[in-house]
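S.K.: Got a structure for you, written out below as structure tokens; questions coming shortly.
The values are calculated or read from the model by the stated rules, or taken from the named source; none is laboratory data. Bear in mind that the values here come from a model prediction, so they are computed numbers and not experimental data. Heads up, the Cβs are rebuilt from the backbone with ideal geometry, glycines too, and the neighbour counts pull from every protein chain shown.
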Amino acid sequence: MSGSSVINTFISVLTNGHPQQFLLALIALSLTFTAIWMLQGRLWALMYVALIPFLNWSFGVIPEFEVMAPQGTGLLAHGVSLHPMTIVTGMVFVVRDFVQREMHHRVLVAMALAVAWSFYYAWPVIALASGVAFAISEGVDWMMFTFTKYRLSTRILLSSLFAAPVDTTVFLYGADLAKQIEFGAEPGNSLHVWNWIVFVIGKMVGAVIVSAVIRRREDLGLTNPAEL
């Protein structure tokens with residue numbers, strides 16, 4: 001691939017296919033990252049604000065893969081599918097917890113900025129569903145992480161455990177509606193029992209892994225269990 005092709009691809013990705021908006025997008029991104037930095041956000045916060053719009057974009061352009069084919073009627077009438085980014089989505093809750101360690105309650109500003117950028121990079125219905133889902137589930141996550149007195153590794157696990165089901169329900173409803181609008185799909189194409197279960201499990205995998213790593217560090221005295 002030539003240098004010009006790489007540059008054009010980068011501009012297309014950065015502007016979500018609207019290269020004429022490159023300068024405005026670059027200025028807006030620069031202001032966003034500057035604001036985060038001024039609010040004492042660092043690597044985790046920057047990663048968080050970039051990760052949420054990317055994930056919302058991915059649910060609009062990357063297809064799910066079928067785990068189990070539709071079985072006619074009953075609980076498996078729609079089959080079971082899994083989006084490749086589901087496990088990564090589960091990591092958002094963990095990343096948010098680390099952002100709070102950097103920014104404390106200013107993490108709510110980073111959360112709002114991330115959702116706002118989703119409206120630029122994702123389908124409007126997906127972005128709206130994601131915004132509502134994050135507002136609810138991240139609020140639950142924030143309260144669990146802020147007000148419980150458990151050790152850090154336990155707070156990471158519990159906050160994700162409470163937030164993931166809420167986020168999944170709202171988001172799958174939005175994804176279901178978006179596919180009806182965009183593709184004329186039948187209701188229940190995304191929001192059904194087995195899909196919900198697979199999504200929640202996928203999201204919890206990342207939280208369990210990170211919680212285990214942090215607990216190991218706590219036991220070794222490398223991480224303070226009471227750290228916010």
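S.K.: Give the stretch 1-17 a look and list any residue that's surrounded by 11 or more Cβ atoms within 10 Å (Cβ to Cβ) and either modelled with pLDDT of 90 or more or assigned to a helix (DSSP H, G or I) (or both), or say none.
M.R.: Answer for the stretch 1-17, where residues must be surrounded by 11 or more Cβ atoms within 10 Å (Cβ to Cβ) and either modelled with pLDDT of 90 or more or assigned to a helix (DSSP H, G or I) (or both): Asn8, Thr9, Phe10, Ile11, Ser12, Val13, Leu14, Thr15.
S.K.: Mind listing whichever residues of the stretch 152-184 are surrounded by fewer than 20 Cβ atoms within 10 Å (Cβ to Cβ) and in contact with an Asp or Glu (Cβ under 8 Å, 6 or more places away or on another chain)?
M.R.: Scanning the stretch 152-184 gives Phe162, Gln180.
S.K.: Let me ask something else about it. Look through Phe162, Phe145 and report the one residue that is modelled with pLDDT of 80 or more and under 21 Å from His105 (Cβ atoms).
M.R.: Phe162
S.K.: I would also like to ask the following. Mind checking whether some residue in the stretch 70-78 is closer than 17 Å to Asn195 by Cβ, over 22 Å from the mean Cα position of the chain (by Cα), touching a residue at least 40 places away in the same chain (Cβ under 8 Å) and surrounded by 15 or more Cβ atoms within 10 Å (Cβ to Cβ)?
M.R.: yes
S.K.: Only one of these conditions is not met by Asp219: (1) of a type in the set (Asp, Glu); (2) in contact with a Leu (Cβ under 8 Å, 6 or more places away or on another chain); (3) without any contact (Cβ under 8 Å) to a residue 24 or more places away in the chain. Which number is it?
M.R.: Among (1) of a type in the set (Asp, Glu); (2) in contact with a Leu (Cβ under 8 Å, 6 or more places away or on another chain); (3) without any contact (Cβ under 8 Å) to a residue 24 or more places away in the chain, Asp219 violates only (2).
S.K.: Working carefully through the options Ser58, Ser81, find the one that is among the small types (Gly, Ala, Ser), over 30 Å from Thr223 (Cβ atoms) and touching a helix residue (DSSP H, G or I) at 6+ places or on another chain (Cβ under 7 Å).
M.R.: Values: Ser58 fails: touching a helix residue (DSSP H, G or I) at 6+ places or on another chain (Cβ under 7 Å).
The conditions single out Ser81.
S.K.: If you don't mind, another one. Pairs please, first residue from the stretch 148-166 and in contact (Cβ under 8 Å) with a residue 24 or more places away in the chain and within 15 Å of Val205 (Cβ to Cβ), second anywhere and basic (Lys, Arg) and assigned to a helix (DSSP H, G or I), Cβ atoms under 6 Å, 6+ apart in sequence or on different chains.
M.R.: Listed pairs, sorted by first residue: Ala164/Lys203.
S.K.: Inside the stretch 170-181, can you point out the residues that are without any contact (Cβ under 8 Å) to a residue 40 or more places away in the chain and over 18 Å from Ile52 (Cβ atoms)?
M.R.: Matches in the stretch 170-181: Asp176, Lys179, Gln180.
S.K.: Residue by residue through the stretch 183-216, note down the ones that are among the charged types (D, E, K, R) and in contact (Cβ under 8 Å) with a residue 60 or more places away in the chain.
M.R.: Hits for the stretch 183-216 are Lys203, Arg215.
S.K.: I've got another one for you. Residue by residue through the stretch 82-104, note down the ones that are out of contact with any Phe, Trp or Tyr (no Cβ under 8 Å at 6 or more places or on another chain), closer than 19 Å to Thr148 by Cβ and not hydrophobic (A, V, I, L, M, F, W, C).
M.R.: His104
S.K.: Could you pull out the residue among Ile7, Ile11, Ile52, Ile36 that is touching a Pro at 6+ places or on another chain (Cβ under 7 Å) and not hydroxyl-bearing (Ser, Thr, Tyr)?
M.R.: Residue meeting the stated conditions: Ile11.
S.K.: Being aliphatic (A, V, I, L, M), loosely packed, with under 14 Cβ neighbours inside 10 Å and modelled with pLDDT of 80 or more is the filter here, so list the residues in the stretch 214-225 that pass it.
M.R.: Quick first cut of the stretch 214-225, residues aliphatic (A, V, I, L, M) only: 214, 220, 222.
Pick out the ones that are also loosely packed, with under 14 Cβ neighbours inside 10 Å and you get 220, 222.
Across the stretch 214-225, the qualifying residue is only Leu220.
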